[in-house]
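Working notes, structure below.
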Amino acid sequence: MAEKETTPVHEVRPTTQEVPARFMPSPTIEPGHSFATITDHISTIVLRRKTPIGWLVGFTIALFGVGILTLSLTVLVGKGVGIWGINHPVGWGFDIINFVWWIGIGHAGTLISAILLLLRQEWRTSINRFAEAMTLFAVASAGIYPALHTGRPWYDFYLFPYPNTMGLWPQFRSPLMWDVFAVTTYATVSLLFWYVGLIPDLATLRDRANNIWVRRVYGMFALGWRGSAKHWYRYEHAYLLLAGLSTPLVLSVHTIVSFDFAVAQVPGWHSTFFPPYFVAGAVFAGFAMVLTLAIPARKFFRLEDFITMKHLENMGKVLLATGLIVVYAYAMEWFYGLYSGNVFEIFMLKNRATGPYWQMYVALWVCNGLAPQLMWFKRLRTSTFWLFVVAMFVNVGMWLERFVIIPTSLHRDFLPSSWGMYHGTVWDWGVFVGSIGLFFALLFLFVRFLPMISIFEMRTLLPEAQAHAKEGEAH
Amino acid sequence: MSETRKLDFTSFRERIGDLRGREYWRSLEELSRSDAFDEFFQSEFPQQALPLAKGVDRRSFMKLMGASVAMAGLTACRPPGETIIPYVNQPENLIPGKPMYFATAMPLSGYARGVLVESHMFRPTKIEGNPEHPASLGASDAQMQASILGLYDPDRSQVVRHMGEISTWSEFIAALQPVLNQERAGAGGLRILTQTVTSPTLGAQIERLQAEYPGLGWHQWEPAGGDALREGARLAFGGFANVLYDFTRANVIVSLGSDFVEEGPAHLRYARDFASRRRVRQGERDAAMNRLYAIESSPTSTGSIADHRLPVKPSQIESMARAILAALGGGSAGEDTHAPEFIAAVAKDLLASRGASIVIAGDHQPPAVHAIAHGINQALGNIGSTVMVIDSPEVRPVNQLESLRQLVTDINAGAVRALIILGGNPVFDAPADFNFKAALQKVPFRAHLSLYNDETSLLSHWHIPETHYLESWGDARAYDGTATIMQPLIAPLYNGRSAYEVLGAMLGALNTSPYTAVRNHWFERGTTEETWRRALHDGLIAGSALPPRTVAASGAVPASGPAQAAGGIELEIRPDPTIFDGRFANNAWLQELPKPQTKITWDNVLLIGPGTADQIGFGVDERSALFNELKTRVVEVEYRGVKVHLPVWVVPGHAEGAATIYLGGGRENGGRIAGAGTNIYPLRPSTAMWGGAGARITLTSRAPYPIGCTQEHQSLDPKLVGERGIIRDATYQHYLGNPNFVQDYEHQIEQVAGLENSNESLYPPFAYKGHAWAMVIDTSVCTGCNGCVAACQSENNIAVVGKDEVVRERELHWLRIDRYYKGDPANPQVYHQPVPCMQCELAPCEPVCPVQATSHSEDGLNDMTYNRCVGTRYCSNNCPYKVRRFNFFGYSDYDTPALKAMRNPDVTIRTRGVMEKCTYCVQRINHGKIEAEKENRRVRDGEVVTACQQACPTQAIVFGDMNDPSSHVAQLKKEPTMYALLGELNTRPRTTYLATIRNPNPELVPAAATAAGEHH
């Protein structure tokens, strides 16, 4: 108990001394902005007449990707899924890997929009629109796979419970059936949420547009928004309700996607911790993708004042937290496998680590296990360069995770006689690269034609709005 | 085109006279077959005019096939003109949709195997064994099954060709006349070359021909024929004879390089008889299990089911045989005494079973080995008891190698003026040193009757399309001499002619019908209308088996042959287990059928043992990595001055210092898919027909070669298989001590893993009140022969996917035979496990299908609804047995007319993007149920037989209604050795297995190994 004696005497500092900057909460909007500057800055990106060269270049590249997608899907539908690398032990390959990857990426949008809204995390405001758009486009890219990975995609409508003369229903016990509902619900709610959130801004754009046609188009989508108190009242309710609706979806969609695996009895799939593991992984992947997109966009459109270091740092923290959950899940897989004493589970783990795909597994640990640990350091967390690097690692890592789960588990399951190898073909890559192209093409269109940051919500972040809000709360 | 208008009516009339049946002409131009027409035809359909590039893939080939058949005009779907007798019931009128069965026989290398052919509206669709035929007993092998595809093969030759140009039969006959006239005038030099002939009618025709043309020479040649057997019998018994074995009475069997369950005209019979002594059943302990010793170089099916297998170099088999004989007190052992303790144990065992043992030499062992084997059987008193000697059923047994040598010598001497080749393909398969190709071209008149316009046809002046055995009347004898009248099931599809017709024409009857030829032959020899009908109905002529001769093998042991050139690797050449000597090379079913021991499809490779692989620098790490990706290295085999490049493949259990290659690959002109593999006939001189020493094998730097192997090689780690409980086995002794070893083991596992209640469910089990279809497969007697796989393919219209798709692991066989190894890779024990759909009661595939395309029937079948399937492949992922098969592309050929006629009309053709799998032959089940319902009774046991069960030579597969306590399958389900594959997953499979019981000689098995060898 010697420490007590040596307890240092606290110095009393003069209160006038300025608090060092590092102890100040970093702002969610840089100082010096007014309602007008926010509106100007964000709406000009959309309404200025001249399209930036950089945008044109980027969009062209993305369109090239869309071309690859079109070609790959045409060949796919024309010839059959045999053009892919799937085979008898490995019935799912890039198709489901990419589906899960994209759906995971889509998670950040809803999480940021809905959960953080409900939790009143103000810092979400400047990135939510962007993240929601990203969600929608990721879900669009994801949707390609389940729709076209079937052997006979022209019969995909069998998966929907439509009334028919044969009285046939889908199989409600199948996780793929649940997927159909989960993903379509998610896509619908995300679209609505995004669109409802856009309405006040569409009205702003309508009002600020010089060209009559532009004004009419925005006006049409603004649904006659005039900003009356009644409108705001209804809007706030609708938005909150949608946020409430979306919140369980953040958990449900990836939980159900994880059921595709957890419900099956394949060693490496059949595991009760898949739902939380997948949800954490999805948030992890989603934030990584938001970072990947926000960092260059922020720079390119000079939005540093709105997407501040605080946003980036917070996202870095989320990355670290979800990354740790994911690592915990990886570790638990080993624990469960070894503790079970089940020969198939133990072999599956050994095969992951030392089998023919061991490189994938090691790379997975590097990308998802080691790289996010850099986020412990504030210096790296506040460096756009390092954030971007880590985000890229996570993007790759999450793809690898799905590769490790899907083909690596399938390629050597129960009967060694049926084992095989899986390799993606040029068409697998074609669809994958193409879906990335589609995603970016949509994203480029979005940043060009819609305000990528919520104008009216940004305005609420200003001190004058804050004061108002607090007053309102007090009542 | 102006010439085409000048129609030559004389030639028209000639041609019309040559047309049979529904062979229509499309236009007068075609009829005139003018050059202009050909020109027009070829420019309109250029793909027909161009010789196909060698690299045509299967799919485009199928398309082209379709076109060519459409052009040729399919004259199918009509009964032959003469009366043929259906097997069981003769319906008063043909009932559409009701198949009829006709008995006939499939000749292979001359010898008949009795078959029943299922015929739908006079379209033969399926081959079954004829239960009454001694060489089949109802079983069938892959080649018999696949012969139905051979019949409809659109690549078969369809027209008579003269110098490669389309011609007619009458023109051929006209061209033949001067040749015959000269011969009649005594010019000499007319020769006939046939394959092995057992057909009494054909024999009589040749005799008549020889009587008419005394100078006529008859040669016989069969590349994978029984010269060694014939010569061996001659050495031992002083004359040509056939040696038959009765495995039902043999307690101890020693195989000297013999693959008696897989090769030879009696293999189905021998496999059945052999297996009859290996079934271990509760309460049937009186019939002691037999014991099989196999001494061989290349792993064979027989070796794989042996209780003891000794891999030796091919050259050592003879010395081993001598050593056994010496140990029994005859002759003297050579200096090369390999494995003396093995020999001593074998000898002791044989002596203990005097008169009830068999020593059998391989078909391709040198005559000396056969003679020694006969000597051993003589010494043991087996001859007359388990070994019977009969006269050769061949019309004129000859040493075919010498027969062909004589022919080539005569040709080279200019003594052959005309050569009529009836079947066979000597240009491709004659011994390399005969240089038959060059010799043939010296013959001034050469005609070739053949199913395909093949290598020999190309070098012949005349090519005549041959009828398939299902298209023509004929007769042939089985291995024991039993004669069968072969009835045609369909009129010749492609206007082929049979050998009977060619010989008939040479005898002066221009249009001899095979029917009259055969019928007259038998009626002249006492057959009456009644016995004729009986013979057609039964598929054999009762009492025509040849009687056993009372002979003794000469005690004299043939002297050792000249010492083999030392050094190098010994090469063993064997006929291919699927495509035989190359004659079935254009049969896609057989090409895609995994070879029993290697599971390789579409290729012939150089097989070596692991030690030899290390020796040539193909180390275990490299080969595991390559094999895992279904690739391998290419080696250069240099043997007697000839170099051949071949992919190399390592088989555990292959004798070290030796290598095996299968004949038949690399056909140059056998049809569009016959080019698969590598031609190794150049490595086959007449001095070493079945291989010899002195081969040099060097790895080449060529790019890794893809191999369509259906069972990944690296997965065969015995430890892995063992700890998964996939194979359960025990020795016979252990079984006698503890018949419940399987259950004991499972209880033990349950206790260790805490799985006692793992079968509990929240829901009450479904009560299967009606039928409960189930299957039991006895792994003890499965030889891995693949007959079931081919039967399944034929019955269920399973598409062929081609080598590329097999390499991509997309083969479609519903039934596969898994093969596992246990023990030392240098000489492991082999286990065969046929895996059809398990028809799980709690099928993991069913709940995961989002559209209910796979669902459970009330009698326990896991049904597939093809038209509901969208192809998510989730069911396949979730199937622990991986028995589901997906149509990644549109594999089924919907276009080729001939293949349409071939298909089983009761089974849907699956389209692209659909999952398919074993149905327990649901069409047969439903047929049985309908028949039973009509008679208001339950389906009787044995009434519904699955295709695999029906084909199985060893009756390893038993199917039936588990709810019928008297059924065979219900009895077997009670056997203590019964186990469910991956039963711990609680899938409750309806297909279960009986553990493999082996009967090793306790003297040869180290005590430790017996104890350790039970659970596995």
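All of the numbers you see were taken from the coordinates with simple rules; none came from a lab. Here the structure is a predicted model, which is why all the values come from computation and not from measurement. Note that we place each Cβ from the backbone using ideal geometry, even for glycine, and neighbour counts take in every protein chain shown.
To one decimal place, what Kirkwood hydrodynamic radius in Å is obtained for the stretch A:274-392 from all pairs of distinct Cα atoms?
By the Kirkwood definition, the hydrodynamic radius is 15.5 Å.
Sort the stretch B:798-838 into rounded, prolate or oblate with this rule: let a ≥ b ≥ c be the square roots of the eigenvalues of the Cα gyration tensor; rounded if a/c is under 1.5, and if a/c is not under 1.5, prolate when a/b is larger than b/c, oblate otherwise.
Cα axes put the stretch B:798-838 in the oblate bin.
Taking every pair of distinct Cα atoms and averaging 1/r, then inverting, what Kirkwood hydrodynamic radius in Å comes out for the stretch B:446-560?
16.6 Å
Test of understanding: ordering A:R48, B:R417 by Cβ neighbours within 10 Å, fewest first, what list do you get?
In increasing order of surrounding Cβ atoms, one gets A:R48, B:R417.
Tell me which of A:T74, A:M332, A:I105 sits at the most positive position along the dipole axis of chain A, charges placed on C-beta atoms (Lys, Arg +1; Asp, Glu -1).
A:T74
Among B:N887, B:M121, B:A693, whose Cα sits farthest toward the positive end of the charge dipole of chain B (+1 at Cβ of Lys/Arg, -1 at Cβ of Asp/Glu, about the Cα centre)?
Among B:N887, B:M121, B:A693, the one farthest towards the positive end of the dipole of chain B is B:M121.
Tell me, what is the FRET efficiency for A:A36 and A:T384 to the nearest 0.05, using R0 = 30 angstrom and their Cβ-Cβ distance as r?
0.60
List the residues, sorted by chain then number, that are 5 or more residues from B:G129 or on another chain and whose placed amide H is less than 5 Å from its amide H.
B:L116, B:S140
Among rounded, prolate and oblate, which fits chain A when a ≥ b ≥ c are the square roots of the eigenvalues of its C-alpha gyration tensor, a/c under 1.5 means rounded, and a/b larger than b/c means prolate?
Oblate.
Along its principal axes, what span do the Cα atoms of the stretch B:864-1016 show, with the longest given first and each in whole Å?
61, 43, 34
Roughly how many nanometres apart are two label points built 7 Å out from the Cα toward the Cβ at B:N520 and B:A352?
6.1 nm
Using the beta-carbon distance between B:A625 and B:A826 and R0 = 22 Å, what value does 1/(1 + (r/R0)^6) give for FRET efficiency, to the nearest 0.05?
0.55
Using +1 on the beta carbon of Lys and Arg, -1 on that of Asp and Glu, and nothing else charged, what's the dipole of chain B about the Cα centre, debye to 20?
Rounded to the nearest 20 debye, it is 760 debye.
Magnitude of the Cβ-charge dipole of the protein assembly as shown, K/R +1 and D/E -1, about the Cα centre, nearest 20 debye?
3380 debye
Which log10 I(q)/I(0) values, to two decimals, does the stretch B:209-337 give at q = 0.10, 0.22, 0.23 Å⁻¹ under the Debye formula with one point per Cα?
These q points yield log10 I(q)/I(0) values of -0.45, -1.47, -1.51.
For the stretch B:600-646, restrict the atom set to alpha-carbon positions and state the Rg and Dmax in Å.
11.6, 34
List the residues, sorted by chain then number, that are 5 or more residues from B:R497 or on another chain and whose placed amide H is less than 5 Å from its amide H.
B:E466, B:T467
Mind jotting down the distance between the C-alpha centroids of the stretch A:119-138 and the stretch B:649-664, whole Å?
65 Å
Is the stretch B:746-855 rounded, prolate or oblate when judged by the Cα gyration tensor, a ≥ b ≥ c being the square roots of its eigenvalues, rounded requiring a/c under 1.5 and prolate requiring a/b larger than b/c?
It comes out oblate by the Cα gyration axes.
How fast does chain B diffuse by Stokes-Einstein, in µm²/s, taking the Kirkwood radius from C-alpha pairs at 37 °C and 0.692 mPa s?
After rounding, the answer is 110 µm²/s.
Compute the longest continuous run of chain B that contains no exposed chymotrypsin sites (Phe, Trp or Tyr not before Pro); treat a site as exposed when its DSSP state is not H, G, I, E or B and it has at most 15 other Cβ atoms within 10 Å.
B:26-765
Give me the three principal axis extents of the stretch B:587-670 from the C-alpha atoms, as integers in angstrom, largest value leading.
Here the spans come out as 36, 33, 21 Å, largest first.
Rounded to two decimals, what is Rg over Rh for the stretch B:300-389 when you use alpha-carbon atoms and the Kirkwood radius?
0.93
Of all the Cα-Cα pairs you can form in the stretch B:426-510, what percent are over 17 Å apart?
Every Cα pair in the stretch B:426-510 considered, those over 17 Å come to 60 percent.
Starting from the 7 Å offset along Cα-to-Cβ, what nm value, one decimal, do you get for the label separation of B:Q406 and B:A185?
According to this spin-label approximation, the distance is 2.7 nm.
Give me the dipole magnitude in Debye, nearest 20, for the stretch A:320-419 about the Cα centre, with unit charges on the beta carbon: positive for Lys and Arg, negative for Asp and Glu.
Approximately 360 debye in magnitude.
Among B:S686, B:S460, which comes first, second and so on when ranked by fewest other beta-carbon atoms within 10 Å?
B:S686, B:S460
Would you mind computing, in nm to one decimal, how far apart the modelled labels at A:L168 and B:I166 are, each placed 7 Å from Cα along Cα→Cβ?
4.6 nm
Of the DSSP beta bridges with both residues in chain B, give the percent that are antiparallel, rounding to the nearest 5.
Counting DSSP beta bridges with both partners in chain B, the antiparallel share is about 60 percent.
From the residues B:A659, B:S450, B:A625, which one has its Cα farthest along the dipole of the protein assembly as shown in the positive direction, the dipole being from +1 and -1 charges on Cβ of Lys/Arg and Asp/Glu about the Cα centre?
The residue sitting farthest along the positive end of the dipole is B:A625.
In nm², what is the average projected area of the convex hull enclosing the Cα atoms of the protein assembly as shown?
71.5 nm²
Give me A:F287, A:F172 sorted ascending by neighbouring Cβ count inside 10 Å, so fewest comes first.
By the 10 Å Cβ count, ascending, the order reads A:F172, A:F287.
What does the helix-only formula give at 222 nm for the protein assembly as shown: each DSSP H stretch with n ≥ 4 adding -39500 (n - 2.57), the total divided by the residues, and the result rounded to the nearest 500 deg cm²/dmol?
Theoretical 222 nm ellipticity from helices: -12500 deg cm²/dmol.
State, in angstrom, two size descriptors of the stretch B:107-228 derived from its alpha carbons: Rg to one decimal place and Dmax to the nearest whole number.
Rg, Dmax (Cα atoms, Å): 18.8, 51.
For the stretch A:369-441 and the stretch B:822-845, write down the distance between their C-alpha centroids in whole Å.
35 Å
What FRET efficiency do you get for B:T698 and A:L370 if R0 is 56 Å and r is their Cβ-Cβ distance, rounded to the nearest 0.05?
So the FRET efficiency works out to roughly 0.75.
Please list the non-local residues whose amide H lies under 5 Å from the amide H of B:A545, H modeled 1.01 Å from N, same-chain partners needing a gap of 5 or more.
B:A483
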